[in-house]
Amino acid sequence: MDGRMTRSGDPTLRLAVHPYREGWATHPAKGPVDECGVFGIYGHPEAARVVYHALIALQHRGQESAGIVTADGANLYTHRGLGLVSDVFEKPESMARLVGEIGIGHVRYATYGASRLGNAQPVVVNTRRGGLALAHNGNLVDAPVIRHRLEEGGAIFTTAIDTEVLAHLIVRSRAASIEEAIVDAINQVHGGYALLILTEDRLVGIRDPHGIRPLQLGRLNGSWVLASETCAFDTIGAEFVREVAPGEMITISEHGKLRSQSVVKEPARPRPCIFEFIYFARPDSNLAGVNVHSVRKAMGRELAREAPADADIVIGVPDSSISAATGYAEESGIPYEMGLIKNRYIARTFIMPTQTGRESALKLKLNPLRKVMEGKRVVLVDDSIVRGTTSRHLVKLLREAGAREVHMRIASPPYRYSCPYGIDTAQSGELIARGREVDEVRDAIGADSLAYLSLEGMVKATGLPVDGPGGFCVACFTGDYPVPIPEDLDKYMLEGGKGR
Ligand code: SF4
């Protein structure tokens, strides 16, 4: 690591006030929200159509903007816009002009203030080697510092996203080939990322050295596909081949010839994001060869063993906590009930800067079933507590609907530290478990009891042969950041920390 980086030992105090998270809104009805899903295809006569369907499958990873870039061997063709995939590509002509057999696509989550078309991906640049498009999930922690250095040297940026920093580094590289220029650029940045790069005649996929963000490789008949999650493969009828390894770069060119190389100078310990299992990924996706729903269910079972409750029914917070709630119910023998009904037609209520806005958004989104709740002692299972706002209101809603007792059970440990690797959480100072004991959090949310899944129980529930919590990124629970944050980052923040 270079001299500007801090050690990963205890950056937490600094992060508690770090502007990295300044100004970011958090989803009012859920805690953290993911930022971006990527998909790429090589060698399909209808590449754009396949990318479009895959992006719909990845829509849960970002609803603010979407974009597709295709290539036909000589040119790139682009369409991007703000909104859901179906909105952005509503007009047939937007798809019709995306010709070519290679394509990449992107869905983005952006927060208030950063949601503008200029920040939509894929980012497209013209270089002396031809057109280049980049689609990126995750975050380069040192991008603001590098951007500042590049700007000092005369570089002009048109977006506020770190992907453009990478584009500049690729363009400026003196390496002989485009692949070498990409490796050159990748070796200058640090963070958690899954990156797809499209040139006029090839597709490149790269996963960060720790494998923090996911990237999967698949086959669709004779075509190669790359995606953030395997649910995209199921949707388009592709076959899963394998995960892209941490630090691996895959290049697909010349009639589908696939080349794999490591872009890691020194081997890094794999630390995939455990929150993909807890909340971000779709339950029908597989990560590291295991099904996300099964892991969530196992987390619920483990939670029931660690933190039993004397209750009449178990309910889960839709959608991500349903798997854990059914696991809790099965293990405890307490019947599972559908206690909260979700309004599925509220897609983008997350931009609610005020507390009142967040509360009403939650009421619009979730409604308790009075018939189920009346006179019952309820176990309410959720995947995590971030600010505590949602939990407090859910407990209140259940009591108003007639619940006699509300026992909150959380299928992950206390969430105490912000994520710098591309996940939008509250600032550390806003996290309810930050500096509070479990009893204090319980009192703050108004539950009769509160218990969290242990770190060990969470890791055990994945069923993966890893060496304890160190086999994952668990930084939002422990503050042990696998990729250190530059010490002087706050001097160079992009757009007040909003630009990704
Ligand atoms: Fe995932 Fe948390 Fe690590 Fe961020 S800090 S990558 S959310 S485990």
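Closer than 25 Å to Val145 by Cβ, away from the ligand (no atom under 16 Å from the Cβ), β-branched (Val, Ile, Thr) and modelled with pLDDT under 95 - does that describe any residue in region 250-268?
The answer is yes, given that some residue of region 250-268 is closer than 25 Å to Val145 by Cβ, away from the ligand (no atom under 16 Å from the Cβ), β-branched (Val, Ile, Thr) and modelled with pLDDT under 95.
Based on what the data block shows, is Ala120 under 19 Å from Asn75 (Cβ atoms), buried (at least 18 other Cβ atoms within 10 Å of the Cβ), within 19 Å of the chain's Cα centre (by Cα) and away from the ligand (no atom under 16 Å from the Cβ)? So that I can check it myself, show each step before the final result.
Details: under 19 Å from Asn75 (Cβ atoms): no; buried (at least 18 other Cβ atoms within 10 Å of the Cβ): yes; within 19 Å of the chain's Cα centre (by Cα): yes; away from the ligand (no atom under 16 Å from the Cβ): yes.
Taking the combined requirement at face value, the residue does not satisfy it.
For residues that are part of a loop (DSSP other than H, G, I, E, B) and within 16 Å of the ligand (Cβ to nearest atom), scanning just region 438-457, find the one that is surrounded by the fewest Cβ atoms within 10 Å (Cβ to Cβ). I'd like the intermediate steps shown before the answer.
First, the residues of region 438-457 that are part of a loop (DSSP other than H, G, I, E, B): 446-448, 453-454.
Imposing the further condition that a residue be within 16 Å of the ligand (Cβ to nearest atom) reduces the set to 453-454.
Working: Leu453: 29, Ser454: 16.
Within region 438-457, the match that is surrounded by the fewest Cβ atoms within 10 Å (Cβ to Cβ) is Ser454.
In region 425-437, what residues are not in a loop (DSSP other than H, G, I, E, B) and not hydroxyl-bearing (Ser, Thr, Tyr)?
Taking region 425-437 as the starting set, the residues that turn out to be not in a loop (DSSP other than H, G, I, E, B) are 428-430.
Selection gives Gly429, Glu430.
Looking only at strands (runs of 3 or more DSSP E) that fall completely inside region 102-202, which ones have 3 or more residues that are in contact (Cβ under 8 Å) with a residue 40 or more places away in the chain and under 27 Å from Glu487 (Cα atoms)? So that I can check it myself, show each step before the final result.
Working: elements: 102-108, 123-127, 130-140, 191-198.
Because the criterion is at least 3 residues that are in contact (Cβ under 8 Å) with a residue 40 or more places away in the chain and under 27 Å from Glu487 (Cα atoms), the strands (runs of 3 or more DSSP E) in region 102-202 that meet it are 130-140, 191-198.
Filter region 349-396 for residues that are modelled with pLDDT of 95 or more, closer than 20 Å to Phe280 by Cβ and charged (D, E, K, R); which is surrounded by the fewest Cβ atoms within 10 Å (Cβ to Cβ)?
Filtering region 349-396 for residues that are modelled with pLDDT of 95 or more, closer than 20 Å to Phe280 by Cβ and charged (D, E, K, R), the one surrounded by the fewest Cβ atoms within 10 Å (Cβ to Cβ) comes out as Asp382.
So in region 377-413, with the set limited to residues that are closer than 22 Å to Tyr109 by Cα and small (Gly, Ala, Ser), which one is farthest from the ligand (Cβ to nearest atom)?
Looking at residues that are closer than 22 Å to Tyr109 by Cα and small (Gly, Ala, Ser), I get Gly388.
Of the numbered conditions (1) small (Gly, Ala, Ser); (2) more than 16 Å from the ligand (Cβ to nearest atom); (3) buried (at least 17 other Cβ atoms within 10 Å of the Cβ); (4) within 26 Å of Gln261 (Cβ to Cβ), Gly83 satisfies every one except a single condition; which is it?
Evaluating Gly83 over (1) small (Gly, Ala, Ser); (2) more than 16 Å from the ligand (Cβ to nearest atom); (3) buried (at least 17 other Cβ atoms within 10 Å of the Cβ); (4) within 26 Å of Gln261 (Cβ to Cβ) leaves (4) as the failure.
How many of the residues in region 372-424 are under 29 Å from the mean Cα position of the chain (by Cα) and assigned to a loop (DSSP other than H, G, I, E, B)?
18
Which numbered condition trips up Asp87, out of (1) free of Cβ contacts under 8 Å to residues at least 40 places away in the same chain; (2) in a strand (DSSP E or B)?
Going through (1) free of Cβ contacts under 8 Å to residues at least 40 places away in the same chain; (2) in a strand (DSSP E or B) one by one, Asp87 breaks only (2).
For every residue, the table says whether it meets (1) within 16 Å of the ligand (Cβ to nearest atom); (2) outside the structural domain of Gly457 (by TED's automatic domain parsing); (3) closer than 26 Å to Ala238 by Cβ.
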{"residue": "Tyr279", "(1), (2), (3)": "yes, yes, yes"}
{"residue": "Asp284", "(1), (2), (3)": "no, yes, yes"}
{"residue": "Leu287", "(1), (2), (3)": "yes, yes, yes"}
{"residue": "Gly300", "(1), (2), (3)": "no, no, no"}
{"residue": "Leu303", "(1), (2), (3)": "no, no, no"}
{"residue": "Pro308", "(1), (2), (3)": "no, no, no"}
{"residue": "Asp312", "(1), (2), (3)": "no, no, no"}
{"residue": "Ala324", "(1), (2), (3)": "no, no, no"}
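Is it true that some residue in region 414-437 is more than 16 Å from the ligand (Cβ to nearest atom), touching a strand residue (DSSP E or B) at 6+ places or on another chain (Cβ under 7 Å) and without any contact (Cβ under 8 Å) to a residue 40 or more places away in the chain?
No, region 414-437 contains no residue that is more than 16 Å from the ligand (Cβ to nearest atom), touching a strand residue (DSSP E or B) at 6+ places or on another chain (Cβ under 7 Å) and without any contact (Cβ under 8 Å) to a residue 40 or more places away in the chain.
Among the listed residues Ile346, Ile341, which satisfies the condition of being in a strand (DSSP E or B), closer than 26 Å to Ala281 by Cβ and modelled with pLDDT under 95? Show your work before the answer.
Values: Ile346 fails: in a strand (DSSP E or B).
Every option except Ile341 fails the conditions.
Are there any pairs with C-beta distances below 8 angstrom linking a residue in region 444-460 that is aromatic (Phe, Trp, Tyr) to a residue that is assigned to a helix (DSSP H, G or I), with the two at least 6 apart or on different chains, and if so which?
Tyr452/Val438
Residues of region 177-208 being more than 24 Å from Gly73 (Cβ to Cβ) and out of contact with any strand residue (DSSP E or B) (no Cβ under 9 Å at 6 or more places or on another chain), which ones?
Within region 177-208, the first condition is being more than 24 Å from Gly73 (Cβ to Cβ), and the residues that meet it are 184, 186-194, 207-208.
Asp184, Asn187, Gln188, listed by residue number.
Looking at the structure I just gave you, is Asp284 modelled with pLDDT of 95 or more, out of contact with any Pro (no Cβ under 7 Å at 6 or more places or on another chain) and in a loop (DSSP other than H, G, I, E, B)?
The answer is yes for Asp284.
Could you please find all residues in region 410-419 being farther than 20 Å from Gly316 by Cβ and buried (at least 24 other Cβ atoms within 10 Å of the Cβ)? Please lay out each step first, then the result.
Quick first cut of region 410-419, residues farther than 20 Å from Gly316 by Cβ only: 416-419.
Ser418, Cys419 - these are the residues of region 410-419 that are farther than 20 Å from Gly316 by Cβ and buried (at least 24 other Cβ atoms within 10 Å of the Cβ).
At pLDDT below 95, touching a strand residue (DSSP E or B) at 6+ places or on another chain (Cβ under 7 Å) and within 14 Å of Gln121 (Cα to Cα): does that describe Gly62?
On the way: at pLDDT below 95: yes; touching a strand residue (DSSP E or B) at 6+ places or on another chain (Cβ under 7 Å): yes; within 14 Å of Gln121 (Cα to Cα): yes.
Answer is yes for this residue.
Which count do you get for residues in region 458-474 that are of a type in the set (Val, Ile, Thr), modelled with pLDDT of 95 or more and outside any helix (DSSP H, G or I)?
Restricting attention to region 458-474, the residues satisfying the condition of being of a type in the set (Val, Ile, Thr) are 459, 462, 466, 474.
Then keep just the ones that are modelled with pLDDT of 95 or more; that gives 459, 462, 474.
Cutting the leftovers down to outside any helix (DSSP H, G or I) gives us 474.
Residues meeting the conditions: 1.
The values are calculated or read from the model by the stated rules, or taken from the named source; none is laboratory data. What you see is a predicted model; the values in this text were computed from it and never measured. Neighbour counts run over all protein chains shown; Cβ positions are idealised from the backbone, glycine included.
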